[in-house]
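Chemist: I have a structure I would like to understand better, so I am pasting it below and will then ask my questions one at a time.
Nothing in this text is a laboratory measurement; each read-out follows from the coordinates by a stated rule. Predicted model only: the values in this text are computed from it and were never measured. Cβ coordinates were reconstructed from backbone atoms using ideal geometry, including for glycine residues, and neighbour counts include every protein chain displayed.
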Amino acid sequence: MGKDNAATLAKIAQEIQVCRLCRLYQSATKAVPGAGNPKAELLFIGEGPGFYEDKSGLPFVGQSGKYLEQLLAMIGLTRDDVFITNVVKHRPPENRDPLPDEIAACKNYLDRQIEIIDPLVIATLGRHSMSRYFPNGKITKIHGVPKYDEYRAYYPLFHPAAVLRNPSWQQDMEQDFRRLPEVLEKVREMRATRKSPSTPADDGPLTQLSLF
Ligand code: SF4
C-alpha cells in the first residue's frame, strides 16, 4: 500500500513537472509537487512555492520551512511523518498570491494527492488553502478550531511565514500545533468506530463542527 501510494504520487509529480494548465510554469524554475510520507496521517497545504522552493523543487524550505520543522518537533513529528504541499505547484512571480484561475487549474493535482494519501487531518497554512474548506473563514478567528466530517478533520492554521512576520501570532500558532495530536486521535477513533466506509469529503459540505 505504501509503495503503491508512493508510486502514484510520483506519477502525479511527473505530470506536474510538465504541466502547462496555467501561466505559472512560465516564470517558475522548478515545479514543487509536494513531499513527505505517502501514508501521512497529517497533510499540510500551503499557498504556493516561494523563492527557495522554486529553486529546490521542495516545499517549505527556507525560514518558514525551518519554523514548520520546529513546530512539528514540538509534537514529536518530523517532515518525514507528514506530507506537505501547496494549492499551486509552481511559484507565482514575485511571490504574489495565486489567482483563482490558477488555483482552479491546479486543483485536480491536490485532490488526487489527498485521495491517495487519505490523511486523517488536513491542516491548512494560510488563507488560500483555508478557503478550500472554510470559504467564509477569517484566519484570525478560526485558527486552531477543527472542523470534522465523518471521515476527517480540517484544521486551519496561520501560514508560518505570516507568523514570522507577526511574532505576536507565535503563541497562538504553537498552541494550535499542540492541539494537533488530540485532533488526530479523535479522527482515529472516529474511523475505528465507523461500521462501513464512506466517501471522503475533500471539499464538499461539512456535516459537523466541533469546538472541543
Ligand atoms: S501551477 Fe499547477 S496548474 Fe499551473 S502550471 Fe503548475 S502544475 Fe500546472
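Chemist: Could you please let me know if M173 is part of a helix (DSSP H, G or I), among the aliphatic types (A, V, I, L, M), in contact with a Pro (Cβ under 9 Å, 6 or more places away or on another chain) and in contact (Cβ under 8 Å) with a residue 40 or more places away in the chain? Spell out how you get there, then give the answer.
Modeler: Values: part of a helix (DSSP H, G or I): yes; among the aliphatic types (A, V, I, L, M): yes; in contact with a Pro (Cβ under 9 Å, 6 or more places away or on another chain): yes; in contact (Cβ under 8 Å) with a residue 40 or more places away in the chain: yes.
Criteria met by M173.
Chemist: List every residue pair whose Cβ atoms lie under 7 Å apart, where the two residues are 6 or more positions apart in sequence or sit on different chains, the first residue falls within the stretch 17-30 and is in contact (Cβ under 8 Å) with a residue 24 or more places away in the chain and farther than 15 Å from K55 by Cβ, and the second residue, located anywhere, is within 6 Å of the ligand (Cβ to nearest atom) and β-branched (V, I, T).
Modeler: L24/V88
Chemist: Ok, one more. When you scan the stretch 57-83, how many residues do you find that are more than 16 Å from the ligand (Cβ to nearest atom) and under 21 Å from E15 (Cβ atoms)? Lay out the reasoning, then the answer.
Modeler: Residues of the stretch 57-83 that are more than 16 Å from the ligand (Cβ to nearest atom), as a first pass: 60-83.
Checking the rest, the ones that are also under 21 Å from E15 (Cβ atoms) come to 83.
Final tally of qualifying residues: 1.
Chemist: Which numbered condition in (1) in a loop (DSSP other than H, G, I, E, B); (2) without any contact (Cβ under 8 Å) to a residue 12 or more places away in the chain; (3) more than 10 Å from the ligand (Cβ to nearest atom) is the only one that K39 fails?
Modeler: Every listed condition holds for K39 apart from (2).
Chemist: Next up: Test V121 against the stated conditions and say whether it is crowded, with 20+ Cβ neighbours inside 10 Å, among the hydrophobic types (A, V, I, L, M, F, W, C) and within 16 Å of the ligand (Cβ to nearest atom).
Modeler: In short, no.
Chemist: Given the structure, is Y25 farther than 20 Å from A7 by Cβ, within 16 Å of the ligand (Cβ to nearest atom) and surrounded by 16 or more Cβ atoms within 10 Å (Cβ to Cβ)? Give the derivation first.
Modeler: Details: farther than 20 Å from A7 by Cβ: yes; within 16 Å of the ligand (Cβ to nearest atom): yes; surrounded by 16 or more Cβ atoms within 10 Å (Cβ to Cβ): yes.
When the stated conditions are applied, Y25 passes them.
Chemist: Do we find that P160 is under 21 Å from E41 (Cβ atoms) and either small (G, A, S) or surrounded by 20 or more Cβ atoms within 10 Å (Cβ to Cβ) (or both) in this structure?
Modeler: Details: under 21 Å from E41 (Cβ atoms): yes; either small (G, A, S) or surrounded by 20 or more Cβ atoms within 10 Å (Cβ to Cβ) (or both): yes.
Judged against the criteria, P160 is a match.
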